[in-house]
């Protein structure tokens, strides 16, 4: 476990030990407020937001998301382990947007359903039976959404009649409650397949209470489609370099602050943040506030920066460099804590409590 060197509230951000995952509270709150204001302007008929906490895994951020207007009052997680952590922190309405298959995980899910409202996705007949049997043994009722496969190689039952058949099985299962439909698909064509399936189910007499679709990159589209009830936006709060390409109105609120530890040759600087501090799975970070400086490689513990001639003389040993992660989800999962900063000074240290909860 990470053992950070804690500094008192009010400490200037540059005095934090590096590498440090730092969240700018002004930007974070602006991002959250932007989506909240948009949903409020969209009117009562628009879908509401169910924040997907996978990208930050931090209860403190999730609380800020739920306080904002326009949410359903609950969150979305990816694993039972994440749901357990957020339940420990007082969250009582959670959608596990995934299929939960092994018996031991199903038992944990049913135990959790004793203290929180739990909804889980299914796409297989056997899983429906296993969930119902376990819920009966634990004396709980588990809410279920049918996961619709609309494109790509992800999970889900095919839209239309296959989804209707599975939904009927859920409704008939003695210890399950059919809640509705879910899809990981964002483009409008995929969402429309889910909505067409919703119509088919309702024509067959099944009440569809939830239709969960969409993401940070298409919330404007998803929330206005008739029949969509929940948008599962994920990255919008912290943002990252990747998503900002399609969401320029949102600003990355999280950066890794690093220190220049070497100037081995002209045009090159080495910082103390590498793969273990930033993540590199989907792309290199961007260097913030230093035009002409580019991150070109990350080793385990170090980052190599390329300096243009114009900025060469401005980068010295001990200088702080800010790296915007390409994928904030990968980056946040590397830390036990993130530093919440306002106007350049430390305001709080937040636990990334669901870090590493893959199971």
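Residues that are within 30 Å of residue 247 (Cα to Cα) and either assigned by TED's automatic domain parsing to the domain that holds residue 92 or modelled with pLDDT under 95 (or both): which helices (runs of 4 or more DSSP H) entirely in region 118-235 hold 1 or more of them?
On the way: elements: 125-138, 161-172, 188-203, 219-222.
Of the helices (runs of 4 or more DSSP H) lying wholly inside region 118-235, those with at least 1 residues that are within 30 Å of residue 247 (Cα to Cα) and either assigned by TED's automatic domain parsing to the domain that holds residue 92 or modelled with pLDDT under 95 (or both) span 188-203, 219-222.
So in region 312-321, with the set limited to residues that are surrounded by fewer than 18 Cβ atoms within 10 Å (Cβ to Cβ) and modelled with pLDDT of 95 or more, which one is nearest to residue 247 (Cα to Cα)?
320
It is to be established whether one or more residues within region 98-116 are without any contact (Cβ under 8 Å) to a residue 24 or more places away in the chain and in a helix (DSSP H, G or I).
Yes, because at least one residue in region 98-116 is without any contact (Cβ under 8 Å) to a residue 24 or more places away in the chain and in a helix (DSSP H, G or I).
What number of residues within region 281-291 satisfy the criterion of being without any contact (Cβ under 8 Å) to a residue 24 or more places away in the chain and surrounded by 20 or more Cβ atoms within 10 Å (Cβ to Cβ)?
In the first step, residues of region 281-291 are kept if they are without any contact (Cβ under 8 Å) to a residue 24 or more places away in the chain; the result is 291.
So of that shortlist, the ones also surrounded by 20 or more Cβ atoms within 10 Å (Cβ to Cβ) come out as none.
Selection size over region 281-291: 0.
Residue 340: under 24 Å from residue 15 (Cα atoms), in contact (Cβ under 8 Å) with a residue 24 or more places away in the chain and assigned to a strand (DSSP E or B), yes or no?
Yes; evaluated as a whole, the condition is true for this residue.
Yes/no matrix, rows are residues, columns are (1) outside the structural domain of residue 219 (by TED's automatic domain parsing); (2) crowded, with 17+ Cβ neighbours inside 10 Å; (3) farther than 30 Å from residue 258 by Cα; (4) over 18 Å from the mean Cα position of the chain (by Cα):
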position	(1), (2), (3), (4)
37	yes, no, yes, yes
43	yes, no, yes, yes
48	yes, yes, yes, no
51	yes, yes, no, no
63	yes, no, no, no
80	no, yes, yes, no
95	no, yes, yes, no
101	no, no, yes, yes
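Just need a number here: residues in region 164-178 that are crowded, with 22+ Cβ neighbours inside 10 Å and either under 26 Å from the mean Cα position of the chain (by Cα) or without any contact (Cβ under 8 Å) to a residue 12 or more places away in the chain (or both).
Count: 1.
Matching residues to (1) touching a strand residue (DSSP E or B) at 6+ places or on another chain (Cβ under 8 Å); (2) surrounded by fewer than 20 Cβ atoms within 10 Å (Cβ to Cβ):
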| position | (1), (2) |
| --- | --- |
| 73 | yes, yes |
| 77 | yes, no |
| 130 | no, yes |
| 133 | no, yes |
| 140 | no, yes |
| 150 | no, no |
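The values are calculated or read from the model by the stated rules, or taken from the named source; none is laboratory data. Because the structure is predicted, anything quoted here is derived from the model rather than measured. In this analysis, Cβ positions are derived from the backbone assuming ideal geometry, glycine residues included, and neighbour counts consider all displayed protein chains.
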